[in-house]
Amino acid sequence: MVERDTNGRLKSGSILNPKGRPKRTIDEATITQALEGAVPLSVVLGKLAAAVRKGDMTAIRLYLAYRWGNPVDNIDANGEMIVRFMHDGIDGTPADLPRPPAPIQEQPS
């Protein structure tokens, strides 16, 4: 029994849960196997692709986060934000991305 004072507060040195939190009885691998058995991965990816095609921003963000990774925001000593990313093996800032070729402008004759 837990000892309490006249106001209902625990007395010094009293412990509410002397045995601690119970150990987890089911592990992550068991949960993963159960989910994969219930819904095939191809179905999940198909639904995600359909949501991306419809323009669902949550689905688009999820797809981009898994495809290219979330951008990492840093702030330099001057207080300016630096955005870094990983894209096709390039680790850098938006300035490091390959740019499409500039359109060809006709020269005046």
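The values are calculated or read from the model by the stated rules, or taken from the named source; none is laboratory data. As the structure is a prediction and not an experimental result, all values here were calculated from the model. Counting neighbours? That spans all protein chains shown, and the Cβs are built from the backbone with ideal geometry, glycine included.
Tell me the residue from 44, 2, 52 that is surrounded by 10 or more Cβ atoms within 10 Å (Cβ to Cβ) and in a loop (DSSP other than H, G, I, E, B), please.
Residue meeting the stated conditions: 2.
Give the residues of region 6-41 that are surrounded by 10 or more Cβ atoms within 10 Å (Cβ to Cβ) and small (Gly, Ala, Ser), sorted by residue number.
If the condition is that a residue be surrounded by 10 or more Cβ atoms within 10 Å (Cβ to Cβ) and small (Gly, Ala, Ser), then 14, 34 are the ones that fit.
When residue 98 is evaluated against the numbered criteria (1) at pLDDT 60 or above; (2) exposed (fewer than 10 other Cβ atoms within 10 Å of the Cβ); (3) not aliphatic (A, V, I, L, M), which criterion, by number, is the only one it fails?
(1)
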